[in-house]
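Beneath this line is the structure, given in structure tokens, with notes to follow.
The values are calculated or read from the model by the stated rules, or taken from the named source; none is laboratory data. Note that this is a predicted model, so its numbers are computed, not measured. Neighbour counts run over all protein chains shown; Cβ positions are idealised from the backbone, glycine included. The accessibility values were calculated without ligands, DNA or RNA, using every heavy atom of the protein model including side chains. Shrake-Rupley method; radii C 1.70, N 1.55, O 1.52, S 1.80 Å.
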Amino acid sequence: MSITVVGSVHVDFYIKVDRFPLVGETLLGRGFQISPGGKGANQAVGCSKLGEETYIVGRIGKDFSEYLLANFRNVGVKTDFLKIDLEHNTGVAFIILNTSTGENMIIIDPGADYWITRKDVDDALKAIVESDIILLQLEIPLEINMYVSEIAFLKGKTVILNPAPASKLPEEIFKYVKIITPNRVEASQLTGVEVRDLNTAVKAGKKLIEKGVEYSVITLGSQGAVLVTSDKYIYYPSFKVDVVDTTGAGDAFNAGLAVALSQGHTIEEAVKWANACAALKITKIGAQSGLPDKYELEEFLRKNQNYQMKIL
Ligand code: RIB
């Protein structure tokens, strides 16, 4: 089976600093690098590296098309339905990486991401039909996410929505989404519950289930993640690793979740894989270069076989 990711494709401009600049301050950075990124692209690359046949559906500009297509080719992501927009530039992200903490600040110009059309989605129907899982984020217009979710739902597919970056969502979308994976900020924005700890994460997760999803998976950064289903709440502590770069941790998480489900694992096991993928990602620099492959994930899970999730 395959996975289809409909979403953003960026070029990331990274610069490293020892601390974030103050407002109005000019700070010396170092280690400038250009690398492929975008939440959609990162999640597609993550799925492919973990061994699943993966399609990316979206738009890029002509400016970086060769670079990005070659990158997708190298990791085996299928680009049959990735369109080159001749009128708009590729989306870009400016990423300031604080090497003291591994935290980042990101500013995006979505460029061609925002010009994806319903027709692009219709043209990619073959990928959607072939896939068992459709993975979405919020870096393309909401209207397109609504359109894809409805089509995928009607075709009996599992829709996973990673609601990042934080945005308001129409209530209707929750009918079509089976699994939602917000972080603390996104969960707070979607539910009105301020997520501060496990209790408030469960409360927010339950609200999302009331809205119509089957599973909420709230990610809590260095605290791990919480899975909320209609009848149980499970806490997944984070794996202990050395944090180098948290950029793309959420993308690694969603890729791990989608691949585990696509391979027939339970949601409980899939969240463990997701958590492991995020842990592996943050030990390396780069949104995509740090994404684990299936061998790294297998070895990591073997080494951490005593890992315990906790029923709350
Ligand atoms: O999730 C990380 C990604 O967010 C980066 O690659 C950047 O392009 C932004 O979309």
Discussion item. Quick one: 3J(HN,Hα) in Hz for the stretch 134-146, Karplus 6.51/-1.76/1.60 with θ = phi - 60°, rounded, Gly and Pro as x.
Written reply: 10, 10, 10, 9, 10, 9, 10, x, 4, 4, 6, 4, 4
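What pairs in Lys78/Lys175; Lys62/Lys281; Lys119/Lys232; Lys16/Lys119 have C-alpha atoms more than 32 Å from each other? Don't jump to the answer; show the numbers that get you there.
On the way: Lys78/Lys175 28 Å; Lys62/Lys281 29 Å; Lys119/Lys232 40 Å; Lys16/Lys119 40 Å.
Over 32 Å Cα-Cα: Lys119/Lys232; Lys16/Lys119.
So how do Val23, Val259 rank on accessible area, 1.4 Å probe, biggest first, that is with the largest at the start?
On the way: Val23 155, Val259 0 Å².
From most exposed to least exposed: Val23, Val259.
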Worksheet entry | For the stretch 205-213, 3J(HN,Hα) per residue [Karplus equation, 6.51 cos²θ - 1.76 cosθ + 1.60, θ = phi - 60°, Hz, x = Gly/Pro] | x, 5, 4, 5, 5, 4, 6, x, 6
Item to complete: Please calculate the 1.4 Å probe accessible area of Met309, with all protein chains present, and give it to the nearest 10 Å².
Response: 70
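Protein chains only, probe 1.4 Å: how do His88, His10, His265 rank by accessible area, largest first?
Working: His88 45, His10 5, His265 70 Å².
So the residues, ranked largest to smallest area, are His265, His88, His10.
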Worksheet, complete the sentence: Non-local residues with an amide H under 5 Å from the amide H of Thr54, with H modelled 1.01 Å from N and Pro and chain starts lacking one, are Ile3, Lys78
Discussion item. Under 5 Å between amide hydrogens, which residues at least 5 positions from Tyr233 or on another chain qualify, with H placed 1.01 Å from N in the peptide plane?
Written reply: Leu312
Worksheet item: Where nothing but the Cβ of Lys and Arg (+1) and of Asp and Glu (-1) is charged, how large is the charge dipole of the stretch 181-304 around its Cα centre, in debye to the nearest 20?
Response: 240
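In the stretch 1-62, which chymotrypsin sites (Phe, Trp or Tyr not before Pro) fall in coil by DSSP and have 13 or fewer other Cβ atoms within 10 Å?
Values: sites: Phe13, Tyr14, Phe32, Tyr55; in loops: none.
Here no chymotrypsin sites (Phe, Trp or Tyr not before Pro) fit, given the DSSP loop and packing criteria.
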Response to the item:
Relative contact order as a percentage, the chain, C-alpha pairs under 8 Å and 6+ apart, gives 17
Item to complete: Between Met1 and Ala166, with labels modelled 7 Å along Cα→Cβ, what's the label distance in nm to one decimal, could you check?
Response: 3.3
Worksheet entry | GNM result for the chain, Cα springs below 10 Å: residue of Glu87, Glu25, Glu53 fluctuating most strongly | Glu25
Practice prompt. Enumerate the residues in the stretch 184-200 having an amide nitrogen under 17 Å from the point lying 7 Å beyond the Cα of Lys310 toward its Cβ.
Written response: 196-200
Worksheet, complete the sentence: Karplus ³J(HN,Hα) for the stretch 156-163 (6.51 cos²θ - 1.76 cosθ + 1.60, θ = phi - 60°; Hz, whole; x = Gly/Pro) runs x, 8, 8, 9, 10, 10, 9, x
Response to the item:
The long-range amide H neighbours of Asp132, using H built 1.01 Å from N in the peptide plane and a cut-off of under 5 Å, are Ser2
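At 222 nm, what value in deg cm²/dmol follows for the chain if DSSP H runs of at least 4 each add -39500 (n - 2.57) and the sum is divided by all its residues, to the nearest 500?
Values: 11 runs with 112 residues, N = 312.
Only helices count here, giving -10500 deg cm²/dmol.
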Response to the item:
Within the set Thr90, Thr247, Thr200, GNM on the chain using Cα springs under 10 Å gives the largest fluctuation to Thr200
Worksheet item: Taking the Cα centre of the chain as the origin and placing charges on Cβ (Lys, Arg +1; Asp, Glu -1), which of Ser48, Pro110, Gly61 is farthest toward the positive end of the dipole?
Response: Ser48
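Is the shape of the chain best called rounded, prolate or oblate, per the rule: a/c under 1.5 gives rounded, else a/b larger than b/c gives prolate, else oblate, with a ≥ b ≥ c the square roots of the Cα gyration tensor eigenvalues?
On the way: a/c = 1.36, a/b = 1.06, b/c = 1.28.
In terms of gyration-tensor shape, rounded.
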Item to complete: Could you give the size of the charge dipole of the stretch 110-262 about its Cα centre, using +1 on the Cβ of each K and R and -1 on the Cβ of each D and E, expressed in debye and rounded to the nearest 20?
Response: 480
Worksheet item: What is the distance, in nm, between label points placed 7 Å from the Cα along the Cα-to-Cβ direction at Lys240 and at Ile34?
Response: 4.2
